[in-house]
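Data block below; observations after.
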Amino acid sequence: MEPLETKDPKVAELIRKEQDRIEHGVELIPSENFVSKAVLQALGSVFTNKYSEGYPRKRYYGGQEWVDEVEELAIERAQKLFGAEHVNVQPYSGSPANQAVFFALLNLGDKFMGLDLSCGGHLTHGSPVNFSGKNYKCIPYFVDKETERIDLDVVKKAAMQEKPKMILSSLTAYPRRLDFKGFQEICEEVGAYHFADISHIAGLIAGGAHESPFPFTDVVTTTTHKTLRGPRGAMIMCKVEDRLHDKYHNDSQKNLSQLVDSAVFPGLQGGPHDNATAAKAVAFGEALQPEFKEYARQIVRNAKALADEVMAQGIKLVTDGTDNHLILMDLRPKGLTGKGKELQHAMDEAGITLNKNTVPFDPASPFNPSGLRCGTPAVTTRGMKESEMKVIGKAIAKVVDNYQNDSVLVKIREEIRELSKQFPIYPGMGILK
Ligand SMILES: *Cc1c(COP(=O)(O)O)cnc(C)c1O
């Protein structure tokens, strides 16, 4: 039972370096966050040892008395947090959760609609390189060329024509609100399932800073590690009854919740990761506290402040702003088409972590796109507010204008380091001690 530091100094050193990196830079990748010490402890607990294929009270192995309780606790807390009828907390991550929903609702080759990757959708929403695009027929919808926003009239027109079996409402790089009610009306009109993937905005929804997909959806998936601020993992929430049973599942006796559960296990996964389940329960407990509402609202206020500053510095944003946790910078008006990769690298040099991203109708490739995506969940968790967003916004613009000037980048890195030091993430916590 030797501690990591002496048992494996090599790995211990890498963890220490990563800790140093996050403490002394600003983390603006909108899908990242910093979990609490309590979540880390649950993740590192003895639950990592257990096998528990099946569901609470219906397992295939012995020794489940405490695993059952912790999984039931996670489910109850998630139900309370989102007002979901049925919850499955076993998916290993967001992509497997989405795969399970495809398994549950569609047959191979069935038609569905999803927001195109280039317009802010996720790979699992029908990209040709992903299972979703390879095994099912995706009819993508796009944002409007002028407004760069989703136009539900266009979605509706395509849905009436194509008659998809499922419509996905979701975002991964779209800086505006999703109108779940509007999507639901389309789904009802064409007899399609409504599947919302709220991976990016789950924390905002739980904290009341974004409209909820309930009761306007049949199935909802979310990762637990983004704005929701839990461990890496995911969950699926759904209605119990299958609204479209008569239309699509004439032979099946299963209701919707049974379709989803059996798609996860035994359809797709083996044993759930019980340590992650315990950590999910902890994170949902945290999200039920009143402070979480303030955190969610501050994420949005910070994103607005960052957007305003970056625009004031002369950088164009997709949709000219944001109303969620993320902004998408369009570098084309700066003459930096296809320079996203270089800019991302320059930001790294300056201690600012974000990611290159395509902008809608980007003429450049996804490897060298023309956009940069950043978001405020992680900086909000460490306590930064609007005034820090102004400092960071100015720094971002300075990097964009000096991305090939190493001495400027080094200077910005020093400023970012000084700023970061005032907002320790894991104060006094030697993770390795
Ligand atoms: C992050 C994300 C996923 C995938 O989650 P992983 O845990 O990375 O597999 C799926 N959908 C959306 C909308 C996401 O943002």
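Points to keep in mind about this one:
- Residues in segment 48-82 that are among the hydrophobic types (A, V, I, L, M, F, W, C) and open to solvent by 60 Å² or more (accessible area, probe 1.4 Å): Trp66, Leu73.
- One residue alone among Asn324, Asn355 is of a type in the set (S, T, N, Q), surrounded by fewer than 22 Cβ atoms within 10 Å (Cβ to Cβ) and either assigned by TED's automatic domain parsing to the domain that holds Arg417 or closer than 29 Å to Pro231 by Cβ (or both), and that residue is Asn355.
- Segment 95-123, subset within 13 Å of the ligand (Cβ to nearest atom) and among the polar types (S, T, N, Q), residue least open to solvent (accessible area, probe 1.4 Å): Asn98
- Some residue of segment 239-258 being within 16 Å of the ligand (Cβ to nearest atom) and open to solvent by less than 30 Å² (accessible area, probe 1.4 Å): no
- Residues in segment 124-153 that are in contact with a Gly (Cβ under 9 Å, 6 or more places away or on another chain) and among the aliphatic types (A, V, I, L, M) were compared, and the one that is least open to solvent (accessible area, probe 1.4 Å) is Val143.
- Taken over segment 325-364, residues that are part of a loop (DSSP other than H, G, I, E, B) and either under 23 Å from the mean Cα position of the chain (by Cα) or among the aliphatic types (A, V, I, L, M) (or both) amount to 12.
- The set of residues in segment 167-203 being within 13 Å of the ligand (Cβ to nearest atom) and not in a strand (DSSP E or B) consists of Leu171, Thr172, Ala173, Tyr174, Leu178, Ile198, Ser199, His200, Ile201, Ala202, Gly203.
- The residues on offer are Glu23, Glu85, Glu32, and the sole one that is open to solvent by less than 50 Å² (accessible area, probe 1.4 Å), among the charged types (D, E, K, R) and in contact (Cβ under 8 Å) with a residue 24 or more places away in the chain is Glu23.
- For segment 136-156, the criterion of being under 23 Å from Val359 (Cα atoms), part of a helix (DSSP H, G or I), of a type outside the set (Val, Ile, Thr) and touching a strand residue (DSSP E or B) at 6+ places or on another chain (Cβ under 9 Å) is met by no residue.
- Test result for Gln90, buried (at least 19 other Cβ atoms within 10 Å of the Cβ) and part of a loop (DSSP other than H, G, I, E, B): yes
- For beta carbons closer than 6 Å, sequence separation of 6+ or different chains, a first residue in segment 124-145 that is within 30 Å of Asp320 (Cα to Cα) and a second that is open to solvent by 40 Å² or more (accessible area, probe 1.4 Å) and assigned to a helix (DSSP H, G or I), the qualifying pairs are Thr124/Ser95; Ser127/Leu117; Ile139/Glu162.
The values are calculated or read from the model by the stated rules, or taken from the named source; none is laboratory data. All values reported here derive from a predicted model rather than from experimental measurement. Glycine also receives a Cβ, built like all others from the backbone with ideal geometry; neighbour counts cover every protein chain displayed. The accessibility values were calculated without ligands, DNA or RNA, using every heavy atom of the protein model including side chains. Shrake-Rupley method; radii C 1.70, N 1.55, O 1.52, S 1.80 Å.
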